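The values are calculated or read from the model by the stated rules, or taken from the named source; none is laboratory data. All values reported here derive from a predicted model rather than from experimental measurement. All Cβ positions, even for glycine, are placed from backbone atoms using ideal geometry, and neighbour counts span all protein chains on display. When the accessible area is computed, the model is the full protein with side chains, heavy atoms only, and any ligands, DNA or RNA have been set aside. Shrake-Rupley method; radii C 1.70, N 1.55, O 1.52, S 1.80 Å.
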Amino acid sequence: MKPIVAIVGRPNVGKSTLFNKLVGDRVAIVDDQPGVTRDRLYRETEWAGKEFVLVDTGGLEPRNNDFMMTKIKQQAEVAMNEADVILFVVDGKNGLNPLDEEVAYLLRKKKKPVILCVNKIDNFQAQQDDVYDFWGLGFEHLIPISGEHKVNLGDMLDLVVDIIDQTVEEYEEEEGLKLAIIGRPNAGKSSLVNRLSGEERTIVSDIAGTTRDAIDTAIEYDGNRYILIDTAGIRRKSKVEESLEYYSVLRAIKTIKRADVCIWMIDGSEGLTEQDKRIAGIAYEEKKPIIIVINKWDTIPDKKNDTMKKMREELYAELPFLSYAPIEFVSALTGQRTTKLLEHAEAVFAEYNKRISTGLLNTVISDAIIMNNPPTRKGRVVKINYATQISTAPPRFVLFCNYPELVHFSYGRYIENKLRESFGFEGTPIDVIFEHKNS
């Protein structure tokens with residue numbers, strides 16, 4: 001695992017802005033509302049050839065004990081315990097705040113290397129008086145910076161790397177199958193991550209939409225490594241009124257693009273909704289392998305021997321475009337069948353990267369053509385000459401023929417079904433493309 005650098009501080013001092021500048025992407029949600037960043041955000045970054053993991057945390061108010069702040073403190077506590085270096089961010093423009101002193105007290109107890117980053121200092125000569133007060137917090141390293149305008153970030157990162165070199169041994173790079181946990185708000189995504197990781201890493205509550213950012217959690221199971229990406233619950237865009245929720249939706253969509261496999265969670269107590277179908281459509285359009293998970297199975301009353309079979313049939317009828325996706329019934333709360341999802345993920349990812357030999361492929365296609373010739377149109381007969389697989393992830397097949405423009409999409413679906421009958425491809429989309437034989 002790579003060294004970990006955690007960004008901590010009271011609310012609204014610019015932690016997420018700094019995080020975004022350092023990782024080079026708008027990853028953390030930035031908003032003027034205090035408490036916007038509520039879970040730990042992990043991203044790999046690099047400086048001067050040294051790679052490390054940067055962690056963003058929620059704003060700390062140590063003496064505030066309301067529900068959400070208590071959860072934020074728990075999350076920040078984990079981040080600080082994990083960290084090899086801590087960037088303690090304060091607001092140089094607004095001056096020393098009593099909350100800064102409370103956070104400083106917490107950090108001193110950690111006995112970790114701390115760099116005090118006096119943020120919002122765009123012009124040191126004009127603002128140097130704003131910086132001096134912060135020396136009173138008692139930390140050895142103090143650097144005036146501006147996260148927004150990237151002032152002095154290089155000096156800060158040089159110091160981070162120096163401390164890492166002095167205190168941290170080289171880590172092996174951590175790899176793993178990236179699994180995006182997607183679904184509507186409150187379907188149980190964070191509970192599943194917590195169950196699989198054995199650690200309360202994401203905030204879990206009964207408030208729909210509590211998880212606002214995508215959180216990466218590395219786990220190991222049965223000798224294999226996985227990166228679980230817990231996404232913000234995807235809401236209908238027409239119902240998203242706050243810009244904050246809107247960015248969460250976009251981030252969830254971006255997360256699907258990052259993923260190797262999507263684990264799509266449906267609330268079994270509520271059943272399939274139109275919004276569920278939209279979420280599934282996003283994963284389908286991105287050509288990602290997918291596992292359908294019916295969560296909260298322990299809460300379903302009056303289950304019978306054929307309840308699972310009937311629900312599978314109903315789901316496939318509602319989602320014919322995902323008829324290839326395996327369906328699993330779990331309880332994230334009790335752990336029922338949750339580890340089977342990791343086995344499914346390995347299996348569907350292998351299917352996603354499966355390659356079929358050209359000879360075997362053409363045998364199957366020839367048999368399919370004999371059983372059902374391409375339909376003729378306007379007196380012209382479509383003749384398929386041969387087929388080849390041009391790529392994996394997803395598997396993509398090209399069938400060369402004389403009139404590709406005459407092939408109806410339904411015949412392409414027929415060929416796809418024959419490929420699935422012969423080669424499996426469970427859980428993964430496949431592409432069937434018809435092209436002119438001379439192209």
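Phi angles across region 67-73 convert, under the Karplus curve 6.51 cos²θ - 1.76 cosθ + 1.60 with θ = phi - 60°, into 3J(HN,Hα) values of 4, 5, 5, 4, 5, 4, 5 Hz, Gly and Pro given as x. How large is log10 I(q)/I(0) at q = 0.17, 0.30 Å⁻¹ when the Debye formula is applied to the Cα atoms of region 120-161, each weighted equally and without solvent? Calculated log10 I(q)/I(0) at the listed q: -0.48, -1.11. Protection proxy ranking, highest mean first, for peptides 279-292, 142-155, 402-415: 279-292, 142-155, 402-415, where packing is the per-residue count of other beta-carbon atoms within 10 Å, averaged.
Taking amide H atoms as placed 1.01 Å from N in the peptide plane, the amide H of residue 377 lies under 5 Å from those of 382, each 5 or more residues away in sequence or on another chain. Rolling a 1.4 Å probe over the protein heavy atoms of region 73-198, with every protein chain left in place, gives an accessible area that is 44 percent carbon and sulfur.
Binning the C-alpha pair distances of region 335-439 at 5 Å intervals from 0 yields a P(r) profile of 2, 12, 22, 22, 15, 10, 7, 5, 3, 2, 1, 0, 0 %, listed from the shortest bin outward.
Put a plus charge on the Cβ of each Lys and Arg, a minus charge on the Cβ of each Asp and Glu, and nothing anywhere else: the dipole of region 359-417 about its Cα centre is then about 240 debye.
Considering only beta bridges that DSSP places wholly inside region 356-438, some 55 percent are antiparallel.
Using equal-weight Cα scatterers in the Debye expression, the normalised intensity of region 42-124 in log10 at q = 0.11 Å⁻¹ is -0.34. Length gained on full extension, residue 376 to residue 417, computed as 0.36 nm times the residue gap minus the Cα-Cα distance: 12.7 nm.
Put simply, when 258-267, 62-71 are sorted by average Cβ atoms within 10 angstrom per residue, most first, you get 258-267, 62-71. Past the 18 Å Cα-Cα mark, which pairs from 277/354; 257/287; 73/296; 189/296; 2/109? Over 18 Å Cα-Cα: 277/354; 73/296; 2/109.
If R0 is taken as 22 Å, the Cβ-Cβ distance between residue 70 and residue 108 corresponds to a FRET efficiency of 0.55.
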